[in-house]
Structures are given as C-alpha cells and as structure tokens.
1. Place +1 on the Cβ of every Lys and Arg and -1 on the Cβ of every Asp and Glu in the chain, take the dipole about the Cα centre, and give the residue among Val63, Thr12, Leu39 whose Cα lies farthest towards its positive end.
2. Would you please classify the overall shape of the chain from the alpha carbon gyration tensor, given that a ≥ b ≥ c denote the square roots of the eigenvalues, rounded means a/c under 1.5, and beyond that prolate means a/b larger than b/c while oblate covers the rest?
3. Place the peptides 11-21, 27-37 in order of packing, highest mean first, counting for every residue the other Cβ atoms within 10 Å and averaging per peptide.
4. Need one word for segment 1-41: rounded, prolate or oblate. Basis is the Cα gyration tensor (sqrt eigenvalues a ≥ b ≥ c); a/c below 1.5 gives rounded, then a/b vs b/c decides.
5. Let's see if you can work this out: charge +1 on each Lys and Arg Cβ, -1 on each Asp and Glu Cβ, no other charges. What is the dipole magnitude of the chain about its Cα centre, in debye to the nearest 20?
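The numbers here are math on the coordinates, done by the rules we state, and not lab data. This is a predicted model, so every value here is computed, not measured. Quick reminder, even Gly has a Cβ in these numbers, built from the backbone with ideal geometry, and neighbours come from all protein chains shown.
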Amino acid sequence: MSWLLLARVSGTSMEPTLREGDIVLAIRAHRLQPGQVVLAGPAEHRLIKRIARVEGSKVLLGVEQPYGWV
C-alpha cells in the first residue's frame, strides 16, 4: 500500500478548511488523533473528515460545519 495519496475535495462539509475542488495530499498515519483530517472509506466512496474522537479502535468523524456528525 502507498504511503501517499492525492484526493480532490467534493462537497462543502469541510468548509472553510477545505473547499470544493481543493486537492489534498494524504499521508498514512500510524496513530489517529482528534483534530486530524483523514481520508476514510473505500477508494470509490472516500470521505475527507476531521477526527472528533478516538476510543480504542473506534474513530468518530465530524464535519467542519456545525450541523451534525457523520
């Protein structure tokens, strides 16, 4: 598996941090921590989200806009 990945932002849930059309470079992390922005899910349906909380092996992802959790 590659340690680097490029992805294009689609949608508005990460505004104002990331905007539609932005390109992000993701680096594989060994430890996930609240506040990190991550790519999650399979390649064809990947999400770009901020980690809200880590509890053991579970990770809660959040959005930048205040309308809720995913």
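1. The residue sitting most towards the positive pole is Leu39.
2. Oblate, because a/c is 1.5 or more while a/b does not exceed b/c.
3. 11-21, 27-37
4. Details: a/c = 2.58, a/b = 1.42, b/c = 1.82.
Since a/c reaches 1.5 but b/c is at least a/b, the shape of segment 1-41 is classed as oblate.
5. Once rounded to the nearest 20, the dipole reads 240 debye.
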